Amino acid sequence: EKFKDGLAKTRSNFSDKVNDLVSRYRKVDEDFFEELEEILIGADVGFETVMELIDELKSEVKKRNIQDPREVQAVISEKLVAIYQGGEEETSAINVQQDGLTVILFVGVNGVGKTTTIGKLAHRYKAEGKKVVLAAGDTFRAGAIEQLEVWGERAGVDVIKQGAGSDPAAVMYDAVQAAKSRNADILLCDTAGRLQNKVNLMNELEKVKRVIEREVPGAPHEVLLVLDATTGQNALIQAKTFKEATNVSGIVLTKLDGTAKGGIVLAIRKELQIPVKLVGLGEKMDDLQNFDAEKYVYGLFS
Ligand code: GDP
């Protein structure tokens, strides 16, 4: 239900247009496919994905000898899910260790919803009975540390911090020691998100990661790149930069509730080859969901 509500804008943009399309056409012809293509591109599904989908639809229509445009609608969902999954069973599960400390590093530019996502996830794990610690690794952006503390208080978890402007790698070192000595299950690490200087960004992320790797064998267990769905194609450009700077293991797509172009989920998956693991569907503590391609695509039409 949450998923459906969060997708309301995309759903009305996308499914209303598709419904309108299938009701206007008497038969499935070139014009029909061309209009469908436009709708999909308009929903930010991404050029590559749209082309692949249209090709697959055309051959499926031929194979099944589909005449009625309304029948194409069901095939669209089916094919979109298949294209998304790329033939492999993919899990959006976060790699949480059974025993010992799990370290999750969050990267992404300012304003995408990194702090909010960390707060939401802290709340989730706390509710599961886990001990959670947050690391205030964004020492650069004014107010970032305080904001993380507010979320820490809300979720009822500890925040490890140093002063503004301090070395993020030193904060991480402190945070790891604190997490260990407090027997924490999960350490969620915030980082600074300045993209203006790619070399700095790379160096900083590299340094932070090195500390984590050295202090916790096998960590970080996830490097989650947070992207803002409302920024559309810009999110893709950011993602490419971060992908060059560090090993991203999963995407968190926030503010999906705030866009009618939720097709960006599909474009991101397709173009980056990184699984979307979590989606943000609002500003509140429980507005975070594991991403499920089937639920998502079928949610767009229901
Ligand atoms: P950060 O700079 O990356 O840490 O971004 P913040 O966590 O401060 O988030 C920036 C703004 O986006 C805040 O106003 C959040 O409330 C808002 N935000 C974050 N995630 C979501 C979401 O999933 N949906 C909506 N509607 N707003 C969100």
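Bear in mind that the values in this text are calculations on the coordinates, not laboratory data. Keep in mind the model is a prediction, meaning the values are calculated, not measured. In this analysis, Cβ positions are derived from the backbone assuming ideal geometry, glycine residues included, and neighbour counts consider all displayed protein chains.
Computed quantities for the displayed model
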| quantity | calculated |
| --- | --- |
| Extent along principal axes [Cα atoms of region 134-280; Å; largest to smallest] | 43, 32, 29 |
| Equivalent ellipsoid, region 205-275 (semi-axes from 5 times Cα gyration tensor eigenvalues, Å) | 26, 11, 10 |
| Reciprocal mean inverse distance between Cα atoms of region 1-103 - Kirkwood radius, Å | 15.6 |
| 63, 255, 79 arranged by Cβ crowding within 10 Å, fewest neighbours leading | 63, 79, 255 |
| Unit Cα scatterers, Debye sum, region 198-239: log10 I(q)/I(0) for q = 0.21, 0.23, 0.30, 0.31 Å⁻¹ | -0.78, -0.84, -0.98, -1.00 |
| Value of [θ]222 nm, deg cm²/dmol, for the chain, DSSP H segments ≥ 4, -39500 (n - 2.57) each, nearest 500 | -16500 deg cm²/dmol |
| Sites residue 51 and residue 127, calculated FRET efficiency, Cβ-Cβ separation with R0 41 Å, nearest 0.05 | 0.45 |
| Largest-first ellipsoid semi-axes for the chain, taking √(5λ) over the Cα gyration tensor eigenvalues, angstrom | 40, 18, 16 |
| Distance between modelled label sites at residue 62 and residue 294, nm, 7 Å Cα→Cβ extension | 3.0 |
| When the convex hull of its Cα atoms is projected in every direction, mean area for region 262-302 (nm²) | 3.2 |
| Percentage relative contact order, region 103-201, counting C-alpha pairs under 8 Å, at least six apart | 41 |
| Cα→Cβ-extended label distance, 7 Å offset, between residue 26 and residue 4, nm | 3.6 |
| Using alpha carbons only: equivalent-ellipsoid semi-axes of region 69-166, gyration tensor based, whole Å | 36, 18, 13 |
| Compactness relative to 2.2 N^0.38 Å, alpha carbon Rg of region 77-128 | 1.55 |
| Across 17/295; 9/131; 120/240, pairs whose alpha-carbon gap is larger than 28 Å | 9/131 |
| For peptides 171-178, 19-26, 153-160, sequence by mean Cβ density within 10 Å, most packed first | 171-178, 153-160, 19-26 |
| Sorted peptide list for 35-47, 263-275, criterion being average Cβ within 10 angstrom, highest first | 263-275, 35-47 |
| Rough spin-label spacing in nm, given labels placed 7 Å along Cα→Cβ, for residue 93 and residue 41 | 4.0 |
